[in-house]
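Structure first, commentary second.
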Amino acid sequence: EPTFLKPQTNLVSPFEPIEVTIASNTSCMRGKSASFVQHIEFDLTGTALEGTFKPGQSIGVTPPGVDALGRPEGARLYSISSPSFGEDGAGKIVTTTCKRLIDQFDPQYGEGQVAVSGLHLGVCSNYLGSLKSGDKVLVSGPSGKKFCLPEAVEQHNYVFVATGTGIAPYRGMVKELLYGPQGPTKRQIHVVMGVPYTSDLLYDEFFREAASVHPNLHYHTVVSREYGTDGALQGYVHDYLRRTPAIGDGVLGQEETLLYMCGLKGMQVGVYQYLAVHGLEDAYLRIPKPLIGTDPSAWTALDARRIRPKSRCLVEVY
Ligand code: A2P
């Protein structure tokens, strides 16, 4: 049974957030893209939050203003994308990966909400995404303790599956595993990243560089809306797993391997089906009685939510 880090939580309550400074705010996209994702650095120097965030946890951000009912806006959670030692080596500068939420305007959002050219702009993601270095922002946390690295990092291999901004915690975890004070892990790390277009490959340069220096880091990209060099569409992350025996027959079959899943809710059923088809369900999943013996390819998203991941399988979907 793996044991996981038990990070501190709620050192700063979302009801009494503290003011910190934006150290930088840069685009995460590779050139022009239909999505807007920002890499944002918070400077926590001298606050109670300094040195407290672990990758896999989230930071609370409280936007200014009031909601449609006139109540002060509450905190929103953003995934930390830096390692526990931060970007500076001391945990003073931590980062998040913030995707601007843009939707067609829907009257349900109410009068008070921002609507430009018929578009609804997510309140906090667009506030945070527009902050400039030097700006002040109200934050809280750390939040979350269920999506963490194990205590004994050297005893495990890692398969990190992401869609879109689900890559955020893995940037921090891979930094933790390869660039931490204890030196790089010798264990195998696979990162499987699913995005619609090549331009959406967040932190692509970081993962490529790290993989070129550390042969035990394997970086896999799955671009769903572009044709591959073979002229075929690449599909979703679970399609990639299916056609990549090095992962399924190799690392996932080893007892000490941990499987992490972060991103769109929809990926859950696909990855669970993949595990079941490959005879890996006993290792990673607890199948509820009514589903035992049924054809995994017929499982629905609702079925997937009844399946409980075992301790070697960590799931963070939204
Ligand atoms: P697509 O949008 O082509 O259907 P982002 O968060 O940047 O939009 O990226 C999410 C990625 O995950 C996209 O490539 C998206 O594909 C893909 N995706 C969408 N639905 C699923 C699903 N059910 N399982 C796995 N991947 C999915």
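The values are calculated or read from the model by the stated rules, or taken from the named source; none is laboratory data. Remember, predicted model here, so these are calculated numbers, not experimental data. Every residue, glycine among them, receives a Cβ derived from its backbone with ideal geometry; neighbour counts consider all protein chains shown. Each accessible area value is taken on the protein alone, full model and side chains, heavy atoms only, with ligands, DNA and RNA left out. Shrake-Rupley method; radii C 1.70, N 1.55, O 1.52, S 1.80 Å.
State, to one decimal in nm, how far the label point of Thr9 lies from the label point of Ala232, with both points 7 Å from Cα in the Cβ direction.
4.3
Evaluate E = 1/(1 + (r/R0)^6) for Asp135 and Lys265, where r is the Cβ-Cβ distance and R0 equals 22 Å; express this FRET efficiency to the nearest 0.05. Working shown, then result.
Details: r = 32 Å, r/R0 = 1.47.
The value I calculate is 0.10.
Build a GNM of the chain with springs between Cα atoms under 10 Å: which of Glu41, Glu176, Glu154 gets the top mean-square fluctuation?
Residue with maximal mean-square fluctuation among Glu41, Glu176, Glu154: Glu154.
Find how much the distance from Arg71 to Thr294 grows on full extension, using 0.36 nm per residue of separation minus their present alpha carbon separation; answer in nm with one decimal. Numbers along the way, then the final one.
Working: separation 223, 0.36 × 223 = 80.28 nm, distance 4.84 nm.
Result: 75.4 nm gained on full extension.
Mind grabbing the accessible area of Ile307 for me, 1.4 Å probe, Å², rounded to tens?
Accessible surface of Ile307 is approximately 0 Å².
Please give the charge dipole size of the chain, origin at the Cα centre, charges +1 on K and R Cβ atoms and -1 on D and E Cβ atoms. Round to the nearest 20 debye. Intermediate results must be reported in sequence, preceding the final value.
Numbers: 29 positive and 32 negative charges, 77 e Å.
Roughly 380 debye, rounded to the nearest 20.
With N residues in the range 230-295, what two-decimal value do you get for its Cα radius of gyration over 2.2 N^0.38 Å? Intermediate values should be presented prior to the final figure.
Details: Rg = 12.7 Å, N = 66, 2.2 N^0.38 = 10.8 Å.
The range 230-295 yields a ratio of 1.17.
Mind putting together the pair-distance distribution for the chain? All Cα pairs, 20 Å bins, whole percent per bin, short to long.
Taking all Cα pairs of the chain, the binned fractions are 31, 58, 11 percent.
With label points built 7 Å along Cα→Cβ from the Cα atoms of Ala246 and Arg225, find their separation and express it in nm.
Going from the Ala246 label point to the Arg225 one covers 2.8 nm.
With a 1.4 Å probe and every protein chain left in place, work out the accessible area per residue of the range 123-261 in Å², rounded to a whole number.
For the range 123-261, the per-residue accessible area is 42 Å².
Rounded to the nearest 0.05, what FRET efficiency do Thr21 and Leu101 have when you use their Cβ-Cβ distance and R0 = 35 Å? The partial results should precede the final answer.
Working: r = 24 Å, r/R0 = 0.69.
Approximately 0.90, to the nearest 0.05.
What residue among Arg71, Arg171, Arg208 shows peak mean-square fluctuation when the chain is described by a Gaussian network model with Cα springs under 10 Å?
Arg71
Quick check on the chain: helices-only [θ] at 222 nm, where DSSP H runs of length 4 and up contribute -39,500 (n - 2.57) each and the sum goes over total residues. Nearest 500, please.
After summing the helix terms and dividing by the residues of the chain, the value is -5000 deg cm²/dmol.
How would you order 42-52, 156-166, 18-28 from highest to lowest mean count of nearby Cβ atoms within 10 Å?
Details: 42-52: 18.5, 156-166: 23.9, 18-28: 16.4.
Ranked by mean Cβ neighbours within 10 Å, highest first: 156-166, 42-52, 18-28.
Which of Pro142, Pro14, Pro64 moves the most in a Gaussian network model of the chain with Cα springs under 10 Å?
Of the options given, Pro64 has the highest mean-square fluctuation.
What number of lysine-lysine pairs in the range 159-318 show an alpha-carbon separation below 23 angstrom, given a sequence spacing of 8 or more or placement on distinct chains? If you can, show how the numbers build up before the last one.
Details: Lys175/Lys186; Lys265/Lys289; Lys265/Lys310; Lys289/Lys310.
For the range 159-318, qualifying lysine pairs total 4.
Ignoring ligands, DNA and RNA, what percent of the 1.4 Å accessible area of the range 1-144 is carbon and sulfur?
53
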